[in-house]
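Data block below; observations after.
What follows draws every value from the coordinates through simple rules; no lab data is involved. Predicted, not measured: the structure shown is a model, and the values here were computed from it. Methodologically, a virtual Cβ is constructed for each residue, glycine included, from the backbone with ideal geometry; neighbour enumeration extends over all protein chains shown.
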Amino acid sequence: MNIAQRTELYRRLAAVNPNPRSDLVYGNHFELLVAVVLSAQATDVSVNKATAKLWPVANTPQAILDLGEARLRDYIKTIGLYQTKAKNVIKLCEQLLALHGGVVPNDRKALEALPGVGSKTASVVLNVAFGVPTIAVDTHIFRVANRTGLAAEKTADKVAAKLEKVTPKEYLLNAHHWLILHGRYLCKARTPECWRCSITEFCKYKAKTPAAGEVAVKPLKGKPVAKKKAAAR
Ligand code: SF4
């Protein structure tokens, strides 16, 4: 995919969703950080359900510490890996207070030093909270990057590095959200909805899903392609 095609691909994603936002519900940097930590290997929906009850009770590092690990566990017990996450969030709150005055740091190294915060979580927080043009690769972005050919790589780190290199600068800040939302709602793992995809002409995925009324037919050589069904007489 050349630069003109990549630019047009992002222009179309931007046209569909000019102001992309995270699906996570948060009201300040601390809530965002904790929500992203809780969302590791869990759905945003499950995190939002838990935090809808947690935030009104405790949404600062001190309030979470006052709540204590056992009660925190209770609030987040519907989220995968909640026991480990509760431990990490408590330690994270302690460190935020001890080292950063309770404020989420705008610094990758400081973020990654917090318990439960890896490079992906740090990237999301830097991007969403502080407007740093960085791309964190989750399962959705990994799939979209590989299918489209934007960044056909074998590991999430390599995909992230490639995407940050090939994404036109003017689209870099929001690329993370455009790609994640595209993968979550349209370029789905099992059945991508290629028939209504705005970037289909740039996408290198061979087995595109045909629209209803079209059938995937196998040519003599190569992969299936979508062909219109003969009209019923
Ligand atoms: S054409 Fe299909 S596979 Fe390609 S990005 Fe769109 S939905 Fe995904």
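What's the exposure ranking of LEU33, LEU172, going from fewest to most Cβ atoms within 10 Å?
Final ranking by Cβ density, sparse to dense: LEU172, LEU33.
Per DSSP H run of at least 4 residues, take -39500 (n - 2.57); add these up for the chain, divide by its residues and hand me the 222 nm value, nearest 500 deg cm²/dmol.
Calculated mean residue ellipticity at 222 nm is -16000 deg cm²/dmol.
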